[in-house]
Structure formats: C-alpha cells, structure tokens
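A short write-up of the structure that comes next.
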Amino acid sequence: MTGHQLLALFDAQVTSRQLDLAGRWLRSFGEGFYTIGSAGHEANAAVAAALRPTDPALLHYRSGAFYCARAARAAGEFPAAGGDEPTPTSGAPEADDATPPVVGDEPSDERATRPGPFPVGGAPTGAAAYQVGADGTAEAVPEPAGPVADPIDVDRAPGAGATSGDPAFGAVQPDAYAAAARDVLRGMVASAREPLAGGRHKVFGRADLAVVPTTSTIASHLPRAVGLGLALERLRRVETAGRRDGADPPPRSPWPRDAIVVCSFGDASVNHASATAALNTAGWYDHTGLRIPVLFVCEDNGLGISVRSPQGWVERTLRARPGLRWFAADGADPVETYQVAAEAAAWVRRHRRPAVLHLRTVRLLGHAGADAESAYRSAAEIAADEARDPVLATARLLVGAGLATGGELLSRYDERGWQIRRIAEEVLDEPKLATAAEVVAPLAPRRPARVAAAVAEVAARAGGSGAGARAEAFGGKPPELAGPLTLAQSINAALADGLLAHPQMAVFGEDVAAKGGVYGVTKGLREKFGPARVFDTLLDETSVLGLGLGAGLAGLLPVPEIQYLAYLHNAEDQLRGEAATMQFFSQGAFRNPMVVRVPGLAYQEGFGGHFHNDNSVAVLRDVPGLVIAVPARPDDAAPLLRTCLAAAAVDGSVCVFLEPVALYHTRDLYEPGDGEWLGQYAEPGGWAAGHAPIGRARVYGVGSAQDVTILTFGNGVRMSLRAAAVLADEGIGTRVVDLRWLAPLPVADIIREASATGRVLVVDETRRSGGVGEGIIAALVDAGYVGAARRVAGVDSFVPLGPAARQVLVSEEAITQGARTLLAR
C-alpha cells in the first residue's frame, strides 16, 4: 500500500465517520430518518480499495467507508494498487493448485498508470494523533516523544507518496468523497434527489458504482449474491463459447467478464437462515464443480444490537463451511486488511470460486442513534473498542510513517466534518416525495402496449426466421399439430417456446431437469436446450429464489420453480424483501425480472395433506407490485405464460405463475371421456390475437348468462362451469368469470360482469380469512356495486389428508347452492 493510498483510505474513513455524526445531528432536530452508522467498520474502505470498481457489490448497512472508497476509485481519485493479484503472504491460505486458471481471464485496464511505490506496513505503537470518544467528539492527544517502535520503511524518492508538505494536505476540496457524502445524506433526509432510491429508503447503491442496493433485512441479500455469482460465471463461459464457435452473440453480462461479486454482512447474520442457505449453496455448487466467484465479507464486531456473538463462534462457523476458502484480517490494521482483501479477491478472481473474508471490527457509537449501549456494555468494553478505532489506526500509520502530523490529520478531519455539515444543510432544503403516485412510480412499471408488442414480435419470429429452429426443437411436430393438450402439456410447450424466444431465459428448480418435474411439466426441456439453461438445483427454496434474483440482476430471464406452494413460505422474503423491492429502491436502475412457477392449490383428492394441497396465497397478494397469474384452462396457459415472460423482459416484472396441480392432467369437463377440458395450442400466427394482458379476465356464458355472475379462478373455474351446467338445467343463466390474474385483480372486468346480472357469487378456493375473495368483495364495494353478493370459500384450516379434505374445500354443491340462495333473495 502506498502513501497516497493510505491517505485516500483515511479520507474515505473520515468521510464515513463524519456522515455518522451528521446523521445524528440531523436526527436531533427531526430532519434525519436513519442513524445506523458505520463507525468502527471503516476498515471496509480497504476492502473496497482491494477490489475493482466494476465488481458488483451487495453491501452490509455499515458500509459507509466502502461506499466512499468505491466512489473515489470509480472517479479515479483513489490511487490504484501495485498489482491486482499479490503474492500470497506466509500466513495466508495457499493457492489451490489443483484448480487451473480459467481460460479467458484478462487483466484489468486499471493496471495502466500508478504513482511510484511507497511501502507502508506494520502499525507502529504509541499514542494516537487524536481520539474520538463515544459522543463523537475528536480531540488531539500528545504525539510520541521518542522514535516510534518498528518504524515503517518510507521511500523518500520524488513522487513516492504523500508527505506533510504535499498539496494533498491543503484545504479539503469538493471531490468524490464529498459527492458520495451527498448521496448518503440525501438518503438520510429522504430527499427525492437521492440518486438511487429517490427518498424511498436509505441505501448504499449506485449503478455507475456497481453497488447494488440491499434492504435492512438481515442477510437476505446473500442468496442473491450467490445467484449473481453463478450467473456471471455462466454468462462468461457462454460468451467465451460463443466467440469461439462464431454463433450469434449470446447474452452478455452488464459487468466485465472477470468481475467477481462482493457481499458483506455482519457477524450476527451468520446465524440467519438466509445466510446459512447462501453459504451452503455456494459450497454445494463448488463441491459439484460449478464456479461461483463470490467474496463474502463478514464484518465481525461481536454484537447483534445487544446480543453478543460467542467468542470464536463466527470464525469456527465460517472456517467449517465446505467449499469456501477462508481468509481473515484485523480491521484495526488497515495494511493487513488491504493485503488480505486483495489476496482474497485475487484468489476468487483467478479460480472463480467462493471465499469468505472474516474481518474483525468494532462497533462505535452504538447500534444506531437511539441505542444507549451503556445499558448492556461496560465502560471498559466500550473503551477497549474505542482503542481499536480503525480511523485512529490509519492515522497512527500516517504519523508513524512521517506522512502527516497529528495536527494535520485533525485539521483534515475537522475540515471534512464542516464540509459534510454544509452539504447536510444543503440537502435539507431538497424536495421530498409528496404524493402516493411519486412514491409508487418505480415500484412495478406497467407498459401493456410494449408487452403486447413484445408478444407479437416473439410470434413473428417463431413463425418466420425462427421457424426452422422451432421445428427442430419440437422434433418436427410443433404443439399446435399435436392435438388437444392438457394443462401440463401446454405449459411444457409454452416453456419450450419461451426458451426459443428468449436466449437469456433459464428454467431451474428441484427435479425440473433430469426428472422433468414431479408432474412432468418440464419433461424433455433439458434434452432440447441443454443443462446450462435447464438445470436442477439443491433442495432449498431460499436458494432457488436467490439464484433467480441474481440471474435477473445479471440480465438473464430466470424461470425458477418452487416445487409446491407450501414450500414457498419458508422463502417468501426473497420475493417480498428482495425481488419486489429492487426497482422500488433503485428507481429502475437495477431490476430482477423473474417468472416463478409454483405448482399449488388443492384438490389432489387429499393426496399428501396440506404440504401438497396448500391453498394459501395471501402472502403473495400482499407483496406490492408482484404479478400473480393462475392458468386454469390449457388454452390459457401459454398466453398467460407468454405475457409473464414478456412483462419480465420489458418491464422487469416479478411474476408468480401459480399452476393448479389438480388440473395438470385433467382431460374431461362434464362427463368422463368428453375431453372438453383439453385445449388447442395456438400456432405462432395466433399468439398476438390471443394475447392475455395482465389484469384482464376471461368470461364464459352458460345458458342465458343473465341471472348470476360467478367470479372465480383456478380449480374454481372447472367446478363453476360444472355447477353452471346444473343451474342451466334449472333455467338459470350464468356468467363464469375466470379472473386469471390474482394480482393485479381484473377490477374493470369484475365490475362490468357483476353489474351485468346484479348478483355475484365469489367462488374462492383459498381460505375464508385472508383469501382472494376478500379482495374481490372489497373491489366491488370500492366501485359502488349495489347488487347482491355472496361468497363461497375454503374453511380456515390446513388441508387434511384423504377424504377429509372435502370437508374444508369448496365443492360444486356449495357453488350451486350459493347461486340458488342469491336468486332466492
């Protein structure tokens, strides 16, 4: 590390510390809304310095110094390193010679120009040039009277590095650190001009810095990091293969081919299920021979708010992880931190394998502004942490190397503090989000005309330039010539057409490749499109969704499968907290398009009990912006799936494609052998005309269709059509409305069809409390519907095993009786 780098590191750390103090100052008069600070974690600036500014970073919420250093590196204001891949130090893990370097790794262009060498190493002993107390105030302390023990070897050659007479020690000027501080301060005051979230949340993130925003949910970003690493490596290999065989340009990563992912988190997060899932998945894939270039950074301050991490627990946990190379550094030693971080990054970059850097830190100024840590920590413990202040550690090195005096550093600290105070005062006057429309604008953009155009374009290609490839994929017999299909067969064909239409699309999940899915829905896809695009995953739903999140972020179009709806619930925060919030927290700068296939709902004749007959979708409908499609008829399945794929590609939508398991192989509607539930698969020429826009229902008229309107979805469609036939024999005409979309609900169609008869029966196969029916009734009330309404819904119960299931689920008899009751009013 050079003297210039050390001074730049100090600037990043001081900027971060002053931001923490500014946040508390803003909070003191009600204008600051976020006070979780980075004090004590400023060693992560050295981690940022050891990485490339094009390496995507998913950061812990104590990453202020990392963010400032990354901004300086991207602006060219942080001096470059002497080499991207240092020689391993004696105490570091040895390189894995069994793993050859990956073909195609090119050196970064960042190696072009650098200042002359200025070695700095080994923190000197002695008093600090200044100290920062728990209240955030700084004061100078006496400098060492005699020579410093173990002096640092300083090269005095011209241009070697900063010295106390260097112009760098002049007045603090507007620079990348100030720009980064403005970003962070805008987030603290919820300014609408904050460059990424626009005042919706305080995040560390900017697209041009390759910093991906993360939520404050503990460890929830780790599965995404694993998915991003896997996606980057797949894209790199596909691109290399494409360049070799001269094929059409393959999907490309938004980051350099040799980029690695860095993902930081706190020590308490090690115990979280999401972290366990991510670290296990990284190791699992490494064990299978697949490459995931992710550097995990565990910033260990020993505390989870007030709960202590047991001594040695974090190290033992991380070191025991199979498939992860372990590195460790002391955050109180900036040179060691930089060297070990550089070595870890170089190892991951060279071998394309995961590693974890265990960075020991301290936590200063408490967990957040309102945290009185003296209530659970002794004064001696707090003082011990203050003595390991990473900002002081860097200051000691600068003073000990003769690069600055204590007074110069204290002056620099104060000048940066006043600069940040002035910026804080400026951002106070910036506008805030003032309307609900402004708040939700980036949440889930809907451009139906563009989605329809995308479907039409796919259709034209499938029937034109892509006709040959399509015929080959289907073995000369496309699905439109295969006769009427079941729901499962239609979805299978639509997935194949999707893989043909979207080169960036990948289908994956538990048992989807070799087995072809538990119900055969993905049968034959791996053979047609190869294991790089259709592959099995380990059995962990959090990781399946995490792979999708990372793949979408990398520019792919992931179609993960969650094997059963009941299995989604232990992983649903990956949809709620991560997938659905990405565009909201980045104003569309980042997105993670995804179509999640979920076999679900009930009516498998009680087979498997509630884990295979889950009828709870309330948690999905509660996620803002999430699209939920439910295909009931085979001839609807392909149009709905094409719409979801197009919406994901065009708008970055996150869609759940909820497939009624009980209807997968159903063939008959009214009588055994009638084949009336089968559907014809449309040829490409009919795809545009048969487009199913998001939020539009399908209506069936039975009899006169003038007496009662049934609003339903999924299994309810088939039961309602059967019930309508019975009612027709009694002279009752019925409109059966297949909602098709549970989010957003087809409100306009609901109101129109309800008003047509003035009598509404809601048939809801989910539960009575929290079910879809509640939303339908609310939509009717909000629209001023004044007709009669009644609801038939599942009982508030889990679905039991065997025939007992019939006691808690909606039946055809309940539907017909509900309609009769409406007409009797």
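Shape descriptor for the stretch 657-742: Rg over Rh equals 0.99 (Cα atoms; Rh from the Kirkwood inverse mean 1/r). Legend: translational diffusion of the stretch 588-739 by Stokes-Einstein, Rh = Kirkwood radius over C-alpha pairs, 37 °C, 0.692 mPa s; D = 194 µm²/s. On the basis of the beta-carbon distance and an R0 of 25 Å, residue 29 and residue 422 show a calculated FRET efficiency of 0.95. Here the Debye sum runs over all C-alpha atoms of the stretch 495-553 as equal scatterers in vacuum, and log10 of I(q)/I(0) at q = 0.13, 0.17, 0.27 Å⁻¹ comes out as -0.30, -0.52, -1.17. Modelled label positions at residue 668 and residue 618, each set 7 Å beyond Cα in the direction of Cβ, lie 3.7 nm from each other. In a fully extended conformation the segment linking residue 511 and residue 432 would gain 23.6 nm over its present Cα-Cα distance, using 0.36 nm per residue.
Projecting the Cα atoms of 177, 32, 798 onto the charge dipole of the chain (Cβ charges, centred on the Cα centre) puts 798 farthest toward the positive pole. With a cut-off of 11 Å between beta carbons, the residues surrounding residue 369 carry a summed charge of 0, where Lys and Arg count +1 and Asp and Glu -1. Within the stretch 608-680, the proportion of C-alpha pairs whose separation exceeds 19 Å stands at 49%.
Semi-axis lengths, largest first, of the ellipsoid equivalent to the stretch 258-370 are 24, 17, 11 Å, with √(5λ) applied to each eigenvalue of the Cα gyration tensor. Taking the Kirkwood radius as Rh and the Cα radius of gyration as Rg, the stretch 1-83 has a ratio of Rg/Rh equal to 1.03. Residue by residue, the stretch 649-661 carries 3J(HN,Hα) couplings of 5, 7, 9, x, 5, 9, 10, 10, 9, 8, 9, x, 4 Hz when phi is fed to the Karplus relation 6.51 cos²θ - 1.76 cosθ + 1.60 (θ = phi - 60°); x denotes Gly or Pro. Per-peptide packing, taken as the mean over residues of other Cβ atoms within 10 Å, places 806-814, 450-458 in the sequence 450-458, 806-814 from highest down. Only helices enter the 222 nm calculation for the chain: every DSSP H run of n ≥ 4 contributes -39,500 (n - 2.57), and dividing by all residues gives -11500 deg cm²/dmol, rounded to 500. The lysine pair tally for the chain, using Cα distances under 22 Å and a gap of 8 or more places or different chains, is 5. Any idea how far the Cα center of the stretch 647-683 sits from the one of the stretch 266-341, in Å? After rounding, the separation between the Cα centres reads 44 Å.
Our coupling estimate for the stretch 271-277, obtained by passing each phi through the Karplus curve with A = 6.51, B = -1.76, C = 1.60 and θ = phi - 60°, is 8, 6, 4, 5, 5, 4, 4 Hz, Gly and Pro reported as x.
The relative contact order of the chain comes to 12 percent, based on Cα pairs under 8 Å that sit 6 or more residues apart. Could you give the angle, 0 to 90 degrees to the nearest 10, between helix 448-463's Cα long axis and the longest principal axis of the Cα atoms of the chain? That helix lies at roughly 70 degrees to the long axis.
Ranked from the most accessible area to the least, with a 1.4 Å probe and all protein chains present, what is the order of 447, 252, 257?
Accessible-area ranking of 447, 252, 257, largest first: 252, 447, 257.
Ellipsoid fit via the Cα gyration tensor, the stretch 723-776: semi-axes of 22, 14, 9 Å, each the root of five times an eigenvalue, largest first. From largest to smallest, the equivalent ellipsoid semi-axes obtained for the stretch 561-646 from the alpha-carbon gyration tensor read 25, 17, 9 Å. With R₀ fixed at 30 Å, the C-beta to C-beta distance from residue 36 to residue 287 puts the FRET efficiency at about 0.25. What does DSSP give for the chain in terms of the percent of beta bridges that are antiparallel, rounded to the nearest 5? Antiparallel: roughly 20 percent of the beta bridges in the chain.
The length gained on full extension between residue 376 and residue 252, counted as 0.36 nm times the residue separation minus their Cα-Cα distance, comes to 39.6 nm. The Cys residues in the chain with no partner Cys Cβ within less than 4.7 Å of their Cβ are 68, 263, 298. For residue 683, nonlocal amide neighbours, meaning residues 5 or more places apart or on other chains whose placed amide H falls under 5 Å from its own, do not occur. As a rough guide to protection, the peptides 476-489, 758-771 ranked by mean Cβ packing within 10 Å, highest first, stand as 758-771, 476-489. The structure shown yields Kirkwood radius over Cα pairs in Å, and of the options (i) 29.0; (ii) 28.2; (iii) 31.5 that calculated value carries the label (i).
The values are calculated or read from the model by the stated rules, or taken from the named source; none is laboratory data. Treat the numbers as computed from the prediction; the structure is a model and nothing was measured. All Cβ positions, even for glycine, are placed from backbone atoms using ideal geometry, and neighbour counts span all protein chains on display. Ligands, DNA and RNA are stripped out before the accessible areas are found, and what is left, the full protein with its side chains, is counted by its heavy atoms. Shrake-Rupley method; radii C 1.70, N 1.55, O 1.52, S 1.80 Å.
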